[in-house]
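Student: One structure follows; several queries about it will come next.
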Amino acid sequence: MLYSAYELAYAAVAPARIAAGVGAKFWRSPLNPASGSWMARSAAAALDVFENATRRYAKPEWGLDETSVNGVSVPVRVEEVERKDFCTLIHFARDESALKRAKKTNQADPAVLIVAPLSGHFATLLRGTVEAMLPDHEVYITDWTDARQAPITAGRFDLNDYIDYLIEFMQTIGPGVHAIAVCQPGPALLAAAALMAERGDPSRPASMTIMGSPIDARRSPTVPNKLSQERSYDWFEQNMIYTVPAPYAGAMRRVYPGFVQLSSFLAMNSDRHLNAHYDYFQHLVEGDGDNAEKHRNFYDEYLSVLDMTEEFYLQTIRDVFQEHRLANGTFMHHGVRVKPEAITDIALMTVEGENDDISGIGQTQAAHDLCTNIPQDLQLDYVQPGVGHYGVFNGSRWRNEIQPKVAGFIRMADKAAAERVAVRAAAE
């Protein structure tokens with residue numbers, strides 16, 4: 001009922017939202033003699049804030065049409081490599097001729113799979129992550145499907161299916177791929193890597209970088225971690241899961257709605273968001289177009305959300321946040337126990353933010369304790385001072401401090417892999 005009520009409320013406010021958009025244009029129109037007055041600017045700003053607060057935010061575009069390599073502009077096109085019911089593997093293909101002019105070398109750049117979180121936002125939230133990696137890497141990303149757009153005939157999708165997708169995508173990209181998990185998918189990537197390592201899969205990642213992730217949510221528990229412990233599994237099932245209404249393609253599918261997740265995000269930092277919108281109003285009144293545009297760009301991304309399938313959300317709550325199955329060695333994948341200790345030649349880097357209020361300090365570092373058979377020279381743990389959760393993978397600290405370390409780690413892993421191959425060849 002909640003999902004239908006939400007859709008009804010959105011439809012009911014539509015006339016007021018449309019009127020607000022028209023009113024804002026009226027007050028700003030150069031044909032309006034009062035358009036330059038304080039009253040007109042204030043009225044237009046108030047109507048603009050209302051229109052933006054009540055509209056539906058669609059999935060944003062990537063907007064990554066080019067990158068700069070050694071001062072040379074290199075065109076970029078977004079390619080679909082593999083489309084599945086619940087995810088599309090995307091490749092940010094750089095123009096080869098322009099890249100050759102910029103690189104002046106035939107050495108191929110490392111292939112990197114960025115595993116985007118399936119936790120309420122679209123993969124485009126990692127635009128800044130992709131942008132910083134593009135100059136020196138072949139970048140791929142998991143673009144998760146909004147569950148309300150997945151027909152019920154597509155079947156179920158749970159955490160085990162998520163892991164299967166990661167394995168298939170790494171096999172598609174091929175041997176030597178490096179994987180980066182941002183936030184929520186850390187346990188899934190670690191599980192996928194362990195399964196591939198145990199099977200001796202040649203497409204297992206050369207390295208995995210896990211950033212701000214709940215590998216062991218018992219360490220430095222945050223507000224979301226504590227909530228998952230205070231509430232029972234049945235409570236989440238009864239209060240967080242709703243049925244997608246018509247006319248969505250996923251009608252009748254049971255989901256954890258994006259608007260419910262967004263409400264939780266906003267409630268955690270309500271003062272910050274209220275102040276941001278008040279500042280936006282002031283920027284509009286003052287004619288500060290640059291800061292107003294920054295606000296719009298951020299919230300166009302932040303307020304665009306997707307639904308998650310019931311089975312994926314509930315399994316994640318139980319296995320990752322309540323029973324900590326990967327951390328305590330009881331996580332099962334299609335009846336097979338996942339063994340992080342099976343990983344012996346996959347380099348592991350963990351990245352945490354000093355002020356992370358989603359995944360506390362130590363939760364990501366726990367991956368090193370689980371992967372007991374990775375040599376120390378293939379491990380790196382890094383804590384970035386002065387950043388919160390978002391700053392781990394976006395913003396100036398990511399671009400200037402974290403990303404260079406990740407890039408250096410990837411190249412170290414490639415060098416170590418090449419040396420192992422040379423040693424084996426010499427032994428034969």
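Student: Here is a list: ASP345, ASP357, ASP414, ASP377. Which entry is among the acidic types (Asp, Glu), touching a Leu at 6+ places or on another chain (Cβ under 9 Å) and assigned by TED's automatic domain parsing to the domain that holds THR209?
Tutor: That would be ASP345, the only listed residue that is among the acidic types (Asp, Glu), touching a Leu at 6+ places or on another chain (Cβ under 9 Å) and assigned by TED's automatic domain parsing to the domain that holds THR209.
Let's see how each residue does on (1) touching a residue at least 40 places away in the same chain (Cβ under 8 Å); (2) closer than 25 Å to ALA192 by Cα; (3) touching a Cys at 6+ places or on another chain (Cβ under 6 Å); (4) β-branched (Val, Ile, Thr):
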{"position": "LYS339", "(1), (2), (3), (4)": "yes, yes, no, no"}
{"position": "ALA347", "(1), (2), (3), (4)": "yes, yes, no, no"}
{"position": "GLU354", "(1), (2), (3), (4)": "no, no, no, no"}
{"position": "ASP357", "(1), (2), (3), (4)": "yes, no, no, no"}
{"position": "THR364", "(1), (2), (3), (4)": "yes, yes, no, yes"}
{"position": "GLU401", "(1), (2), (3), (4)": "no, no, no, no"}
{"position": "ALA418", "(1), (2), (3), (4)": "no, yes, no, no"}
{"position": "ALA422", "(1), (2), (3), (4)": "no, no, no, no"}
{"position": "ALA426", "(1), (2), (3), (4)": "no, no, no, no"}
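Student: Hey, another quick one. Suppose we filter ALA46, ALA16 for residues that are assigned by TED's automatic domain parsing to the domain that holds HIS295, within 20 Å of GLU293 (Cα to Cα), modelled with pLDDT of 85 or more and within 39 Å of the chain's Cα centre (by Cα); which single one remains?
Tutor: Criteria check complete, one pass: ALA46.
Student: Still on this structure, please answer the following. Quick check, is TYR57 in contact (Cβ under 8 Å) with a residue 40 or more places away in the chain, of a type in the set (Phe, Trp, Tyr), surrounded by 11 or more Cβ atoms within 10 Å (Cβ to Cβ) and in a helix (DSSP H, G or I)?
Tutor: No, not satisfied.
Student: Turning to a different aspect of this structure: I'm trying to understand the selection: among the residues of segment 302-354, which are surrounded by fewer than 19 Cβ atoms within 10 Å (Cβ to Cβ) and in contact with a Gly (Cβ under 7 Å, 6 or more places away or on another chain)?
Tutor: Result: GLU354, single match.
Student: For a quick check of your reading of the model, give me the residue pairs whose first member lies in segment 193-217 and is assigned by TED's automatic domain parsing to the domain that holds VAL139 and within 21 Å of VAL320 (Cβ to Cβ), whose second is part of a strand (DSSP E or B) and among the acidic types (Asp, Glu), with beta-carbon atoms closer than 9 Å and at least 6 apart or on different chains.
Tutor: MET211/GLU352; GLY212/GLU352; SER213/GLU352
Student: While we're here: Please state which one of THR222, THR209 is modelled with pLDDT of 95 or more and within 23 Å of GLY120 (Cβ to Cβ).
Tutor: THR209
Matching residues to (1) under 18 Å from ILE90 (Cβ atoms); (2) outside any helix (DSSP H, G or I):
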site	(1), (2)
ARG156	no, yes
ASN160	no, no
ILE163	no, no
ILE167	yes, no
PRO175	no, yes
PRO187	no, no
ALA194	no, no
ALA197	no, no
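So that you can scan it fast, the table gives a plain yes or no per residue for (1) out of contact with any Phe, Trp or Tyr (no Cβ under 6 Å at 6 or more places or on another chain); (2) basic (Lys, Arg); (3) under 20 Å from SER207 (Cα atoms); (4) in contact (Cβ under 8 Å) with a residue 24 or more places away in the chain:
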| site | (1), (2), (3), (4) |
| --- | --- |
| CYS87 | no, no, no, yes |
| LEU118 | no, no, no, yes |
| THR129 | no, no, yes, yes |
| ASP143 | yes, no, no, yes |
| ASP146 | yes, no, no, yes |
| ALA154 | yes, no, no, yes |
| ASP161 | yes, no, no, yes |
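Student: I'm told TRP27 meets every condition in (1) touching a residue at least 40 places away in the same chain (Cβ under 8 Å); (2) of a type in the set (Phe, Trp, Tyr); (3) more than 30 Å from ASP161 (Cβ to Cβ) except one. Can you identify the failing condition by its number?
Tutor: Only one criterion is unmet by TRP27, namely (1).
The values are calculated or read from the model by the stated rules, or taken from the named source; none is laboratory data. Just so we're clear, the structure is a prediction, and the values are computed from it rather than from any experiment. As a convention, Cβ positions derive from the backbone with ideal geometry for all residues, glycine included, and neighbour counts pool all protein chains shown.
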